[in-house]
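Notes for the one structure printed next.
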Amino acid sequence: MKTCICIGIVSIVWSCTALAGEATGRQESDWPAWRGPLATGASPDAMPPVHWDEKTNVRWKTAIPGRGVSTPIVWKDRVFLTTAVETDKPADPAALKRAEADMPDFVRKTGGPLPTKVLQFTVLALKRSDGSVLWKQVACEEAPHEGTHADGSWASGSPVTDGERLYVYFGSYGLYCFDLDGKRLWEKRLGQFRIKAQFGEGVSPVLCGEQVIINQDQEGPGFLAAFNRTTGADTWQVPRDEVTTWATPLIVERQGKRQIVVAASKWIRGYDATQGAVLWKIGGMTANVIPSPVADAERVYCLSGFRGNAILAIRLAAANGDLTDKPDALVWKSTKDAPYVPSPLLVDGRLYYFKANDAVLTCVEAATGKVLFGPQVLEGCKGAYASPVSAAGRVYATARNGRTLVLKAGPAYEVLGDNPLDDSFSASAALAGTDLFLRGLKSLYCIAEKAP
């Protein structure tokens, strides 16, 4: 999700997707999980274009049925994504009445969708070269028991692949494993969850060794769980005392042992990946934690920006037990300009992040928190749900109004390209080879320079 190879490849901190990619012989040239091969938002070797519009450098554009805001993933010659397709079958009236009664007034006034129809929770595989649909699988068909945010969807979690199998999590509607040709291998129903304010579910699964990791926080008993990625068998599950959060876990490795870092409103916790025991914890996040953590060789960075601002840089070498009264564990902290929905980008020793849900970007020195530029308004851009990504010494920042600014990666703000498209973008971009994939509310775009 690299020009700074030392951060993710030769460091002691690895993303689970990087480890999985290494095992199957592919890593950097694909985008196997929602934040890329290194779980930082950066690609180490992609070379996407700098300039495009509807008439220039659009290799293909494929209309996507239904509604989804999950980021596509890329593996070799295939692109995978999720969507929720409305059928003509009405939802159960009693269930709809219960969902409407439980929906807060402020959510109802913003137009949050209610589940009036049965949905098909769908997985799509597209041919990377031309965008044609290779296969479509309906994971399940049912009416959601709750609504979702007006800007969200019932397909907000991104798939992940180990190069042999595809893993997809629809929250209350199941965890599914397919082979790359669309054959269903196993499935798990983990419960029916109550999400704060019926804002919808949106956590992505992650891979860690032979395990698929799911974090499920809700307005009720939550859990962190691991499943065997080949068979789906339960490996372990531990309870979590948290309210709803939407942050996808991060896998790091310290002293030869993998940890699962989960950011949430009460505590940021590091778990032992083999059995789920809590290794360390620290508070300091805001409510409604959505951004996923990122890490380099020494620190893990956690951000949240709802009703407050919190950015914490935690020293992994000192992360043991309750870190509240361990000043050496917290390298730096900021209470300004943190993102609400978008996750941060970590590349070349710099951390890039949006302010709230605005197209206002800040860049800081990751080791110290020193502001290098920003908060900088991105010209012509309105709103930001998509997380910034990076490749080839550039930063790609996509706004909700269809524009993507390409910036020179570095300590100064410099615009290289301003690229409009006729769609609205909430999903984060995916980078692979010479391709840039942008999933809009209507279509999936493959952006690539035309061959001479």
remark   = With N residues in region 203-273, Rg(alpha-carbon) / (2.2 N^0.38 Å) equals 1.06
request  = Once you have all Cα-Cα distances for region 135-206, histogram them in 5 Å bins from zero and send the whole-percent values.
outcome  = 3, 16, 26, 25, 16, 9, 4, 0
Over 15 Å [Cα-Cα, region 103-151], rounded percent = 60 percent
key: Order of Asp423, Asp435, Asp102, Asp88 - criterion: other Cβ atoms within 10 Å of each residue's Cβ, fewest first   = Asp88, Asp102, Asp423, Asp435
message = Just to check I understand the Karplus step: with θ = phi - 60° and J = 6.51 cos²θ - 1.76 cosθ + 1.60, what whole-Hz values come out for region 397-410, glycine and proline as x?
response = 10, 9, 9, 5, 7, x, 9, 10, 8, 9, 10, 6, 5, x
task = Excluding residues fewer than 8 places away in the same chain, name every one of the aspartates and glutamates whose C-alpha is closer than 18 Å to that of Lys257.
result = Glu22, Glu210, Asp272, Asp296, Glu298
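Quick one: which of 250-261, 129-140, 49-60 comes out on top by average Cβ neighbours within 10 Å, and what's the full order, highest first? Display every interim value, and only then the final one.
Details: 250-261: 19.2, 129-140: 14.3, 49-60: 16.2.
Descending mean neighbour count gives 250-261, 49-60, 129-140.
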query = Of the listed peptides 212-219, 302-309, 275-282, what is their order by residue-averaged count of other C-beta atoms within 10 Å, with the highest listed first?
reply = 212-219, 302-309, 275-282
inquiry  = Based on Cα coordinates alone, diagonalise the gyration tensor for region 305-350, multiply each eigenvalue by 5, take square roots, and list the semi-axes in whole Å, largest first.
reply    = 22, 15, 9
request  = Go ahead and estimate [θ] at 222 nm for the chain from helices alone: -39,500 (n - 2.57) per DSSP H run with n ≥ 4, summed, over the residue count, rounded to 500.
outcome  = -1500 deg cm²/dmol
ask   = Quick one: Debye curve from the C-alpha atoms of region 343-391, no solvent, what's log10 I(q)/I(0) at q = 0.19, 0.21 Å⁻¹?
value = -0.57, -0.69
message = Translational diffusion coefficient of region 63-200 at 4 °C, 1.567 mPa s, Stokes-Einstein with Kirkwood Rh over Cα pairs, in µm²/s as a whole number.
response = 83 µm²/s
remark   = Of the listed links Lys355/Lys442; Lys109/Lys136; Lys61/Lys109; Lys61/Lys382, those spanning more than 28 angstrom between alpha carbons are Lys109/Lys136; Lys61/Lys109
task = Find the centroid of the Cα atoms in region 146-176 and in region 110-140, then give the distance between the two in whole Å.
result = 10 Å
inquiry  = What is the ratio of the Cα radius of gyration of the chain to 2.2 N^0.38 Å, with N the residue count, to two decimals?
reply    = 0.90
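Throughout, read-outs are computed from the coordinates displayed, never taken from laboratory work. Keep in mind that this is a model prediction, so the values were computed, not measured. Note: ideal-geometry Cβ built from the backbone for every residue, glycine included; neighbour counts use all protein chains shown.
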